Amino acid sequence: MSATITPRGASPEAIRSHYDVANEFYELWLDPTLCYSCALWEGDEPDSALETAQLRKLDFHANQIRAKGAARVLDVGCGWGSLVRRLVETHGVQHATGLTLSDAQAAWSAQRPDPRVDIRIESWVDHQPESPYDGIISVGAFEHFAKAEFSDEQRIAAYRAFFQRCHQWLKPGGRLSLQTISYGNVDVATVKEQPDTKFFFDVIFPESVLPTISDIITASNGLFEVELLRNDREHYGRTCQIWYRTLVARKAEALKIVDQETYNRFVRYLKLSAFVFNASYTGLLRIGFRKWDESRMG
Ligand SMILES: C[S@@+](CC[C@H](N)C(=O)[O-])C[C@H]1O[C@@H](n2cnc3c(N)ncnc32)[C@H](O)[C@@H]1O
């Protein structure tokens, strides 16, 4: 497939408008791993266990693709690099490639170099691996792979292009572990018109949109088998609530880094995010996929 005909989601400019606010700002209210996606909670852990719950999430995805000792793993949308580092440091992965569109995130990782890790400022649309991957993970990036103005058909085509690339890049029987926010079981057409939804996609995450579960199943049909599917929306409600409370508690420090308008915008977004997950307007999907290929047909 030619890169020129692959529908692109959020542009690098749109991504940078959110993720390049300032690394020190995100360091204030994320946990020390700088994971910027839903944690994986267990039992009645206290809120102070956020870092533990984030590391558990990283290990969940690593285990889902059977990363232990793997030669090559790809992380699509690697953020500040928590997963690629965890893969090489804890799971014995020999080489991990991370893709991001954020200059600030890549600069942060560049200050922590590791010969086993390759962080690239590159869209998956343009990625051309030199050899196949044992496994692929993508956490919290799929939300940026289609634009709000796409028709239903264009949106699913964009997602299908992603699954086709992953299928093409994986070794036979290789696995893809995907984590993404989705719409819940709601009337999407109505919810899309609500002012809070417009705030999310006009202001906070421009040029982005949420998938539905059925979008993902349709787009991956014939390419991947679903091995596992869980909706952990309460886990994200809790994660966002902790981020919100931490940012509010560190307001004075935040205002030394960003202006009042940016602070207000993030406070509103984090509070609203906690609400929409807890009220089930949105879901948090973790999906384990295994590549369909001829080697599996017997
Ligand atoms: C919410 S962050 C998640 C980061 C990380 N996975 C985590 O869990 O902390 C979304 C990431 O997706 C990346 N991203 C968005 N669109 C992308 C694309 N087309 N290709 C590669 N990365 C992309 C952003 O640059 C950012 O690093």
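Listing for the model above:
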quantity	calculated
R16 vs. criteria open to solvent by 60 Å² or more (accessible area, probe 1.4 Å), in a helix (DSSP H, G or I) and touching a residue at least 24 places away in the same chain (Cβ under 8 Å)	yes
Those residues of the range 60-71 which are crowded, with 21+ Cβ neighbours inside 10 Å and more than 10 Å from the ligand (Cβ to nearest atom), in sequence order	A62, Q64, I65, A67, A70
Condition met for V209 (assigned to a loop (DSSP other than H, G, I, E, B) and of a type outside the set (F, W, Y))	yes
Test: G9 is outside any helix (DSSP H, G or I), open to solvent by less than 30 Å² (accessible area, probe 1.4 Å) and either hydrophobic (A, V, I, L, M, F, W, C) or touching a residue at least 40 places away in the same chain (Cβ under 8 Å) (or both)	yes
Yes/no for A148 being at pLDDT below 95 and under 22 Å from E122 (Cα atoms)	yes
Residue among R265, R230 that is within 26 Å of H18 (Cβ to Cβ), open to solvent by 10 Å² or more (accessible area, probe 1.4 Å) and outside any loop (DSSP other than H, G, I, E, B)	R265
Scope the range 199-225; condition among the hydroxyl-bearing types (S, T, Y) and open to solvent by less than 20 Å² (accessible area, probe 1.4 Å); matching residues	S208, S220
Test for G135: is it within 13 Å of the chain's Cα centre (by Cα) and open to solvent by less than 30 Å² (accessible area, probe 1.4 Å)	no
All positions within the range 167-188 that are loosely packed, with under 13 Cβ neighbours inside 10 Å and either in a loop (DSSP other than H, G, I, E, B) or on the phi > 0 side of the Ramachandran plot (or both)	N185, D187
Residues of the range 89-114 satisfying the condition of being within 14 Å of the chain's Cα centre (by Cα) and open to solvent by 30 Å² or more (accessible area, probe 1.4 Å)	L101
Given (1) over 27 Å from H127 (Cα atoms); (2) within 10 Å of the ligand (Cβ to nearest atom), number of the condition L34 does not satisfy	(1)
Of all residues in the range 239-262 being more than 17 Å from the chain's Cα centre (by Cα) and closer than 30 Å to L176 by Cα, the one that is least open to solvent (accessible area, probe 1.4 Å)	I242
Meets criteria (β-branched (V, I, T), in a loop (DSSP other than H, G, I, E, B), surrounded by fewer than 20 Cβ atoms within 10 Å (Cβ to Cβ) and in contact (Cβ under 8 Å) with a residue 24 or more places away in the chain) for V191	no
Criterion violated by P115 - all others in (1) farther than 30 Å from A279 by Cα; (2) within 15 Å of the ligand (Cβ to nearest atom) satisfied	(2)
Single match in R120, R86 (criterion: buried (at least 18 other Cβ atoms within 10 Å of the Cβ) and within 15 Å of the ligand (Cβ to nearest atom))	R86
Candidates Q128, Q164 - the one that is assigned to a helix (DSSP H, G or I) and over 17 Å from the mean Cα position of the chain (by Cα)	Q164
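The values are calculated or read from the model by the stated rules, or taken from the named source; none is laboratory data. As the structure is a prediction and not an experimental result, all values here were calculated from the model. In this analysis, Cβ positions are derived from the backbone assuming ideal geometry, glycine residues included, and neighbour counts consider all displayed protein chains. Areas reflect the complete protein model, heavy atoms only, side chains present, ligands, DNA and RNA absent. Shrake-Rupley method; radii C 1.70, N 1.55, O 1.52, S 1.80 Å.
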